[in-house]
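The values are calculated or read from the model by the stated rules, or taken from the named source; none is laboratory data. This is a predicted model, so every value here is computed, not measured. Here the Cβ positions follow ideal geometry from the backbone for every residue, glycine too, while neighbour counts run over all protein chains shown.
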Amino acid sequence: MRIRIISDPIFEWKLCWMIRSADTPKSTRCPKMRILWDPFPLMVHFPSLIEETNRILAEIRSDSDPDDNDTSFSHNTTAAFSLGPKISDWDQQRQQWLQQNPEYPSFVRGKARILLLTGSPPKPCDNPIGDHYLLKSIKNKIDYCRLHGIEIVYNLAHLDKELAGYWAKLPMIRRLMFSHPEVEWIWWMDSDAFFTDMVFELPLSKYDDYNLVLHGYPDLLFEQKSWIAVNTGSFLFRNCQWSLDLLDDWAPMGPKGPVREEAGKVLTANLKGRPAFEADDQSALIYLLLSKKEKWMDKVFLENSYYLHGYWAGLVDRYEEMVEKYHPGLGDERWPFVTHFVGCKPCGSYGDYPVERCLSSMERAFNFADNQVLKLYGFRHRGLLSPKIKRIRNETVTPLEYVDQFDIRRHSTVSSESKSQ
């Protein structure tokens with residue numbers, strides 16, 4: 001038996017007491033952190049384990065990998081940046097593939113096939129608790145996708161070394177379009193965004209004539225030219241030629257280094273309220289929609305009738321009020337579809353808000369959504385800040401009555417049908 005632990009004295013003390021067997025002599029005291037007893041029993045020396053763990057974490061976090069010197073796939077820095085070979089007949093290629101593979105239809109039971117894409121950096125979080133909230137975030141997304149028949153991909157890889165950080169989503173979206181031609185919509189969602197209305201379903205018929213759906217406001221975009229006019233933390237991208245062309249136009253501001261830094265200066269100079277920092281994908285898209293409005297805007301839907309992106313600061317403290325006054329399925333300010341923790345960096349070492357506030361707010365958002373899932377099983381959280389749950393109804397010999405009453409899948413179907421009428 002081999003035990004590895006992180007270099008945290010409190011954690012070590014707790015771990016010692018958790019696995020300390022009932023037969024362990026009382027003279028063996030955990031606080032000294034020299035030995036740790038297990039049921040076999042086995043004595044483990046902590047210092048060497050700590051050193052080994054730190055070495056492994058340092059190796060993972062290191063920027064230099066054995067194959068970093070491999071330049072076989074590097075971009076030509078003297079040429080304009082490209083996501084890949086120019087493809088101009090994607091609609092025809094995709095349509096032909098769909099005809100040849102009828103077992104993979106792009107519409108299932110009358111609904112367009114959606115693939116939700118999310119992800120996080122390939123390395124461990126700077127703040128260890130950040131990994132815990134990444135786990136809660138993906139659990140939340142898996143729950144929503146399971147309930148609504150949506151496929152999900154969680155990405156941990158940088159497919160293009162030039163496009164790291166904010167920009168990593170672009171090459172991944174492109175690859176998924178090619179790898180999953182059966183998917184009609186690719187839905188990107190940031191790892192710091194949580195579904196908080198588990199009943200609400202996207203009104204896809206509303207977007208029949210559009211290829212990109214973003215949360216945004218036309219007046220902020222075209223009149224104020226604000227750098228927060230739209231949000232790219234949660235958006236829908238149709239799998240089509242138009243989307244490929246937009247990606248080709250969007251990506252050139254993204255390569256890390258001088259290109260991204262110079263592009264950031266252009267964005268700050270042209271977008272109201274934007275601080276001075278390197279180019280980010282959201283500002284670059286806004287700049288593109290403004291500078292090439294005639295080319296792109298006809299196929300862009302700025303959605304603000306519900307919260308495809310809901311800024312967390314004005315929402316998380318109102319969840320109890322929402323439960324008292326409203327019901328899930330609304331998706332708007334009464335019961336937000338998505339709560340997005342913009343400015344919180346639980347995985348990083350810095351953020352725009354105190355980390356304690358961010359983490360407690362994320363806990364509330366997760367439990368608020370989780371209560372909607374647990375209701376079918378007869379449980380709920382003891383409070384929105386508590387991971388513990390309690391029973392809300394007794395067992396019965398006729399359990400199927402609760403499926404009819406509480407199954408989110410049934411309620412979401414009714415909700416989507418009412419919206420389409």
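Miscellaneous remarks
- Pick from the stretch 318-352, criterion of a type in the set (Ser, Thr, Tyr) and free of Cβ contacts under 8 Å to residues at least 40 places away in the same chain, ranking: surrounded by the most Cβ atoms within 10 Å (Cβ to Cβ): Tyr326
- Qualifying positions in the stretch 390-411 - at pLDDT below 90 and not in a helix (DSSP H, G or I): Ile392, Arg393, Asn394, Glu395, Thr396, Val397, Thr398, Pro399, Asp407
- Residues of the stretch 366-408 satisfying the condition of being in contact with a Leu (Cβ under 8 Å, 6 or more places away or on another chain) and either among the small types (Gly, Ala, Ser) or more than 30 Å from Tyr311 (Cα to Cα) (or both): Tyr402, Val403
One line per residue, one yes/no per condition, for (1) modelled with pLDDT of 75 or more; (2) of a type outside the set (Ser, Thr, Tyr); (3) buried (at least 19 other Cβ atoms within 10 Å of the Cβ):
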position	(1), (2), (3)
Glu356	yes, yes, no
Ser360	yes, no, no
Ala365	yes, yes, yes
Leu385	yes, yes, no
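- Filter result for Gly264 (at pLDDT below 95 and not basic (Lys, Arg)): no
- Number of residues in the stretch 99-123 that are buried (at least 16 other Cβ atoms within 10 Å of the Cβ) and either at pLDDT 90 or above or in the same structural domain as Gly351 (by the TED database) (or both): the value is 11.
- The residues of the stretch 121-150 that are among the charged types (D, E, K, R) and closer than 16 Å to Phe368 by Cα, listed by number, are Lys136, Lys139, Lys141, Asp143.
- Positions within the stretch 262-287 being in contact (Cβ under 8 Å) with a residue 40 or more places away in the chain and within 30 Å of Asp209 (Cβ to Cβ), in sequence order: Leu267, Asn270, Leu271, Lys272, Asp280, Asp281, Gln282, Ser283, Leu285, Ile286
- One residue stands out in the stretch 239-292 among those that are under 22 Å from the mean Cα position of the chain (by Cα) and polar (S, T, N, Q): the one that is farthest from Leu116 (Cα to Cα), namely Ser283.
- Hey, Glu201 charged (D, E, K, R), farther than 28 Å from Ser283 by Cβ and over 21 Å from the mean Cα position of the chain (by Cα) or not: no
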